[in-house]
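Undergrad: Dumping the structure here so I can ask a few things about it.
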Amino acid sequence: MFVYQETAYVNAKDTDWVAEQKFIKGDMAGKIKNSGATKEFQDWDATILPVGTEIFETDNSEILLASCGEELVPYLKYVEG
């Protein structure tokens, strides 16, 4: 999980509807600045993603892509309801 624009994004790699789609990588939104965060999250804080991980926008406003080595991992906007 990481925070961008005061919103949490969660790893959606194993979410069926996300895995079935192809997302177009857009502009870089930013980079993870703090890893291992557990509370009081701020923008660019992450629980697991390493510092420096590049995050990209996509053609779907609910999805961001994290550049993890050779792989782009989809992260889904988490909206509490």
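Read-outs throughout are calculated quantities, based only on the coordinates presented, and are distinct from any laboratory measurement. Everything numeric in this text was worked out from a predicted model, so none of it was measured. Cβ placement follows ideal geometry from the backbone for every residue including glycine, while neighbour counts extend to all protein chains displayed.
Undergrad: Within region 28-53, can you find the residues that are part of a strand (DSSP E or B) and of a type in the set (Ser, Thr, Tyr)?
TA: Result: Ser35, single match.
Undergrad: Output the residues belonging to region 54-81 that are in contact (Cβ under 8 Å) with a residue 40 or more places away in the chain and either part of a strand (DSSP E or B) or surrounded by 11 or more Cβ atoms within 10 Å (Cβ to Cβ) (or both).
TA: Selection gives Ile55, Ile63, Leu64, Leu65, Ala66, Leu72, Val73, Pro74, Tyr75, Leu76, Lys77, Tyr78.
Undergrad: How about region 17-44: which of its residues are exposed (fewer than 12 other Cβ atoms within 10 Å of the Cβ), touching a residue at least 24 places away in the same chain (Cβ under 8 Å) and of a type in the set (D, E, K, R)?
TA: Within region 17-44, just Asp27 meets the criteria.
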